[in-house]
1. For segment 1-147, taking Cα atoms only, what is the radius of gyration to one decimal and the Dmax to the nearest whole Å?
2. What are the extents of the Cα atoms of segment 87-198 along their three principal axes, in Å, largest first?
3. Return, for the Cα atoms of segment 100-158, the radius of gyration and Dmax in Å, separated by a comma.
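None of the figures in this text is laboratory data; all of them are computed from the coordinates on show. Everything quoted here is computed from the prediction, not taken from an experiment.
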Amino acid sequence: SGLYDPQETIKEFASRIAKTIKLDDVAVAIIETLQNSLRVDGVAVAIRTQTQPVQFAVIKAKGLVVSSFQVLNSTPEVIAYIQDARQPIVVEEQMVMDAARTRQSRKRVFEAIAKAGVVAILPLALKDVVDSIVLIGKKATREAYTKGDIELLSTLANQASVAIENARLYNSMAEVVEEQTKDIKEKNVHLQELLKMKSEFLSVASHQLRTPLTAVRGLLAMQADGDMDKLPVERRREEQ
C-alpha cells in the first residue's frame, strides 16, 4: 500500500472513466489503474453474457491468460459463490477457507484459477447483480494483498461497475440507432425505386394517351371549323 496513494488513485480513476463511454476504454482504464497502483503482473476484465447458465466473456486482458475464465464458466457453483460474495476474493485465502469447510470441489476450482496466475477476483456488481468480473494477478513484489489493497479494490469496483453499465447501455443504444438508421436507408431506397416506377408509369401512360387524343382533338377541331362538311361523304364516314 505504500506504493500508491489510495485517494489519488480513486480520484484519477473516477476522472478517467468519466471521460469515456466506450466499453473497451473502460476496461483499459481498469487494467491500467490496477497495474499502476498495485503493480500487478496481469489483469483481465470480462462481462456477463446473455446466455444461461451465467457465462462471462473476456473483453480485455493484459499479462494474464484468459483460460481462467473458462474454468469459471464451466463451474456454476463458483460463479454463484462470486455472485453471492460481491466483494474482492483473495484466491489463496479462499482455498484455505474451503479446505477448512471441506468444500473440496470449489477448492479445486480456485486451485486451477491460481495455477493460471490469478491471485484475486474482483466482482463488479450493480443492483446486487455481478455483471462483470476482474481477475487480478500477482504483485511485482510478490507480497500478499493487504487490507488497504482490498479496500481500494472495493472502492474501484463500485466506480467500475457503474462505468461498465453505462458503457453497455451506450453500446446497446448505438446498436439500436444503427439498426434503425439501416432500416430507414433501406426504406428510402425502396421509396426511391417506387417514385422512379411511378415516374416511368406516368411517362408511358401520358405517351399512350396522348397519341389517340391528338387524333381525336384533330377531328374535333375539323368538326368545329366545318372542315368535315367539305369532305366527300365516304371520307366523312371513315373519319367518324
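1. Cα-based Rg and Dmax for segment 1-147 come out at 15.1, 47 Å.
2. 81, 30, 29
3. In order Rg, Dmax, the Cα atoms of segment 100-158 give 13.2, 35 Å.
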